[in-house]
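Report on the structure given below.
Laboratory data are not the source of any read-out in this text; all were calculated from the coordinates shown. Note that the structure is a prediction, hence the values are computed from the model and not measured. A quick note on method: Cβ atoms are made from the backbone with ideal geometry, for glycine too, and the neighbour counts reach across all protein chains shown.
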Amino acid sequence: MEITVQWIKTSWTKQSRGGEAAARRNAAPMGFLLPPDLDSASAHLVRMREEHRFEPQEIQVAHRNVAVSLRQADGRLRILPRVDPLHGLPPRRRRPPAVPLHPGQWVRWQLNYRFSSANGMRDWSYWLDTFNIAYGPVDADVFLSTPTVYIDELGPVR
């Protein structure tokens, strides 16, 4: 069964926590059209960085390079994003369990991080991972629609 993965990595510093830069970051899409040449062994990686004014930069990477566990069993796909690095997680109650998808379903899972430099010399930095994962054949615009399952694993990043 086909597995389609889109990983959106958004990164910023304290400079984009308010004002025009924050408005640009917050207006960034949570899903993109899939590239026409995406093969079944590749994931669509979209990076949006503060230093590039949150303009999307798209590449393809192997599924094994995506920070998510994908396991097929009994006609379902089990999905669980890996938390790496653990020390970057903002406080939250507990991680949700893995999500099982049936053919024809897709999930959007969002997870955020915050970091400070070890010696406190640099500002805080942040990143948001959005995983859009579909199980079964899909159209190029699948991730522009409403997901079957949405997991909000966002913690406070003050």
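Tabulated results
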| read-out | value |
| --- | --- |
| Point-to-point label distance, ARG17-ARG93, nm (Cα→Cβ direction, 7 Å offset) | 2.6 |
| Cα-centre dipole for the chain with unit charges at Cβ (Lys and Arg positive, Asp and Glu negative), debye to 20 | 880 |
| Estimated vicinal HN-Hα couplings, Hz - the stretch 10-27 in sequence order (Karplus 6.51, -1.76, 1.60; Gly, Pro = x) | 10, 9, 7, 10, 4, 4, 9, 7, x, x, 4, 5, 5, 5, 5, 4, 5, 8 |
| Two-site label geometry, ASP139 and ASP74: point separation in nm, points 7 Å out along Cα→Cβ | 3.3 |
| Footprinting exposure proxy for TRP106, TRP127 (fewest neighbouring C-beta atoms within 10 Å first) | TRP127, TRP106 |
| Long-range Cα-Cα pairs in the chain (distance over 26 Å), rounded percent | 27 |
| Helix-only mean residue ellipticity at 222 nm for the chain, each DSSP H run of n ≥ 4 adding -39500 (n - 2.57), per residue, nearest 500 | -1500 deg cm²/dmol |
